[in-house]
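Report on one structure; see the data block that follows.
Values quoted throughout were computed directly from the atomic coordinates according to the rules given, and no laboratory measurement underlies them. Treat the numbers as computed from the prediction; the structure is a model and nothing was measured. Because the Cβ atoms are built from the backbone with ideal geometry, glycine has one as well, and the counts that use them run over all protein chains shown.
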């Protein structure tokens with residue numbers, strides 16, 4: 001795909017910012033907000049089921065509510081897209097970003113006694129992001145999780161060795177690059193969470209604000 005034809009919302013630079021933010025959010029909720037994943041809902045399902053099977057219903061609820069919230073975030077993002085996709089006044093993705101920024105900024109003020117609500121809001125925000133930004137240079141990807149990107153990247157890498165087509169290698173490098181940046185975001189998020197605690201999440205709305213500015217020309 002020609003880079004000249006790539007929308008800003010599908011550029012690698014914008015996708016990298018979103019992935020960094022996604023990794024940071026996962027590290028933040030896990031380290032600061034009672035060991036709950038903001039994005040990795042598979043992990044939440046495992047921990048939820050394990051808790052319920054052990055009879056720890058209170059702990060199980062800690063994971064099920066972010067899971068439900070994640071689904072709700074995807075639902076709302078799809079509704080916003082269908083309502084505003086043809087609008088000439090504002091890009092529908094910027095509406096999503098504005099909602100994310102407000103929610104994540106609010107999370108930074110919530111004390112530890114509101115950890116469950118904070119996790120619900122971060123998971124909701126993450127779901128809206130993963131539903132809204134689904135392509136990098138035309139390749140389907142996820143900005144808030146790694147399993148799909150790892151599968152797609154490895155598949156493309158295998159295709160390159162089989163066909164020697166540079167497009168397959170180019171595609172694989174995109175996916176592996178996104179995974180690497182997500183990991184950097186998670187690592188930095190973990191370190192900063194230990195140092196700054198609850199307010200660490202404010203890095204994410206700052207990043208999303210930059211993303212919204214990048215999309216103004218669209």
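Within a 10 angstrom radius of the beta carbon, how do 171, 89, 59, 166 rank from fewest other beta carbons to most?
Lowest to highest Cβ neighbour count: 89, 166, 59, 171.
For the chain, adding -39500 (n - 2.57) for each run of n ≥ 4 DSSP H residues and dividing by the number of residues yields -24500 deg cm²/dmol at 222 nm. May I ask for the angle, rounded to the nearest 10°, between helix 12-32 and the longest principal axis of the chain, with both axes built from Cα atoms and the value confined to 0 to 90°? The answer is roughly 20 degrees. Ranked for footprinting exposure by Cβ neighbours inside 10 Å, fewest first, 114, 17 give 114, 17. One entry in (i) 33; (ii) 29; (iii) 38 is percent of Cα pairs over 27 Å apart calculated from the shown coordinates; its label is (i). Of interest is the spacing of the C-alpha centroids, which for the range 36-67 and the range 153-209 amounts to 25 Å. What percent do you get for the relative contact order of the chain when only Cα pairs under 8 Å and 6+ apart count? Over the chain, the number comes to 36 percent.
Listing 195, 83, 134 from fewest to most neighbouring C-beta atoms within 10 Å gives 195, 83, 134. Axis angle, to the nearest 10 degrees, between helix 115-132 and the longest C-alpha principal axis of the chain: 10 degrees.
Relative to the longest principal axis of the Cα atoms of the chain, helix 147-163 runs at roughly 30 degrees.
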